[in-house]
Each structure stands twice: as structure tokens, then as C-alpha cells.
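The values are calculated or read from the model by the stated rules, or taken from the named source; none is laboratory data. Bear in mind that the values here come from a model prediction, so they are computed numbers and not experimental data. Reconstructed Cβ throughout: ideal geometry from the backbone, glycine too, with neighbour counts over all protein chains shown. Just so you know, the surface numbers come from the protein's heavy atoms only, side chains and all, with ligands and any DNA or RNA stripped out. Shrake-Rupley method; radii C 1.70, N 1.55, O 1.52, S 1.80 Å.
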Amino acid sequence: MSDITNLSLQEIIKKIKSKDISSVELTNLYIKNIEKSKKLNTFITTTFEQAIDKAKEFDKKPDFKKILPGIPLAVKDLFCTSQVKTTAGSNILNNFVPTYESTVTKNLWDNGAFLLGKLNCDEFAMGSSNETSYFGNVINPVGDKLVPGGSSGGSSSALAANLTPATIGTDTGGSIRQPASFTGTVGLKPTYGLCSRWGIVAFASSLDQAGPMTKTVSDCSIMLEAMSGFDEKDSTSIN
């Protein structure tokens, strides 16, 4: 069963739908991987108890019409998550707990996914190696002396180490695409306006875009479908 975390998101969704594995079993596998990989320093905050509760809810009343049915996801700590600490990799926001949810993460939860935790990133997304985070460097699982890229380095490292089946990052001038290239994964910066910027800690609003980070191109399309959409709260959102 532990080999399931090596699979693509698309393959995992098939196993959930065929009931080869439950959401609780899947979530526990990722939690086990995360606890074994603390040396990578990918997570700033974990939400394991909340994730298990959400997985139990799904298993009791599964909805296989959702795009991401019962899928646990970790996300870059630049996305505001309601009642869960959001730091942007900084000491300034070390105790910031939003009372609202970013539109992109809300879209993911509405489509059946739930939160495993928040991933390390360069402070306020300013960096290309994940060495500027207040919470310390992230290690690339490809090699102990390699950086995972940035600013979405925690996302790329967690994905490559099978700590999350897919993830999301933000890209201003390469902060999704470059870390994906450093870890042998797939990162996409979508067309500007396709994914809402509302609830994302801004770096350069005229350039920032949320995007998927996955193991395969097909997985990227699944994540993008789940996270994108028009948002009245973002004046640059495409209708």
C-alpha cells in the first residue's frame, strides 16, 4: 500500500473511486511519509488531525463526482487558509491566523480536497533557492546538498518526496517553474487572470499567479481545473 504515494494524482483518484484505498488510509500514508522526512524542512505548519477528520467525513459519504475526491493536499504557505497559520515564510507573520480562505484553496476544498499542511517558501516569495525563509532552508530530496529552487521550494520538495500527491505554488518570475525543474516535477504558471489572486500574500500583483505543481502534465490539468475560475473579489480575474 505504501507504494500508492509514488503514483500520480490521476492514478490515486482512480484508486479512491474504485475503493482500492480509502481517504483515511491515503491520508495516513502521507502523514507517515511527512513524519519520516522532517530533515527536508518542507512544512511550516501541519494540520494532520483536521485532515484525518475530513478524510473520515469523505469516507462516510463519498462524492466521486468531485474533481479531487478525498484527496489530501499540502499548499504553499503564501495562501491564506482560514483558522490555519499563514506565514509567507516570514517572522513578521509568524502568528498570523487568517479568518478567511484564499479563493484558490477554497476552490480546491470545494472540489473534494482538504489540507495536510502549509509548505515552506522563500520569505514573502522573494528568492529562488528557498534559503531566505525565516523557518530555515528546504532540502531537495534529489540530493542533500541541493536546493529545491524557489520561491515554491517547499512545494517542489514535498511533491518530489511523495509528501503530497500534488500541490500549488505561486509564480511571479519563475517561482513555480524553476523549482519544478530543480526537482524533476511539473510546474505551470497559468495565463494571468485564470486563477484568482485573492487571499494570496502578494509579491508583485501585476505578475503573481497561482498554479499547480504535480508529477505529470495530466495531473497539472486536473489541479488547474479544480483551482481556476472567475472571482469577483479579484479585479483582474478573467470572466
Log entry: pair-distance distribution for the chain, C-alpha pairs binned every 5 Å from zero, whole % per bin is 1, 8, 16, 21, 22, 17, 10, 4, 1, 0
Carbon/sulfur accessible area of the chain, % of total, 1.4 Å probe, equals 51 percent
One would report the Cα pair-distance distribution of the stretch 142-223, bin width 10 Å, in %, as 21, 52, 24, 2
Ranking LEU7, VAL104, SER37 by how far each Cα lies towards the positive end of the charge dipole of the stretch 1-122 (+1 on Lys and Arg Cβ, -1 on Asp and Glu Cβ), the top one is LEU7
Expressed per residue, the solvent accessible area of the stretch 99-239 in Å² (1.4 Å probe) is about 37 Å²
The size of the Cβ-based charge dipole (Lys, Arg +1; Asp, Glu -1) of the chain about the Cα centre, to the nearest 20 debye, is 420 debye
For the table LYS38/LYS66; LYS15/LYS38; LYS76/LYS106; LYS17/LYS189, the rows whose alpha-carbon distance is greater than 21 Å are LYS38/LYS66; LYS15/LYS38; LYS17/LYS189
Between GLY169 and residues 5 or more places away or on another chain, the pairs with built amide H atoms under 5 Å apart involve GLY211, MET213
A correct Karplus calculation of ³J(HN,Hα) over the stretch 24-32, with 6.51 cos²θ - 1.76 cosθ + 1.60, θ = phi - 60°, whole Hz and x for Gly and Pro, returns 5, 4, 4, 4, 5, 5, 5, 4, 4
In the chain the DSSP beta bridges are antiparallel at a rate, in percent to nearest 5, of 70 percent
Non-local residues with an amide H under 5 Å from the amide H of THR42, with H modelled 1.01 Å from N and Pro and chain starts lacking one, are none
The stretch 203-234 scanned against label point 7 Å out from ASN6 along Cα→C-beta; backbone N under 17 Å for 215-216
Once GLU35 and ASP110 are pulled to full extension, the length gained, defined as 0.36 nm per residue separation minus their Cα-Cα distance, is 24.3 nm
By the mean-Cβ-within-10 Å protection proxy, highest first, 195-202, 92-99 rank as 195-202, 92-99
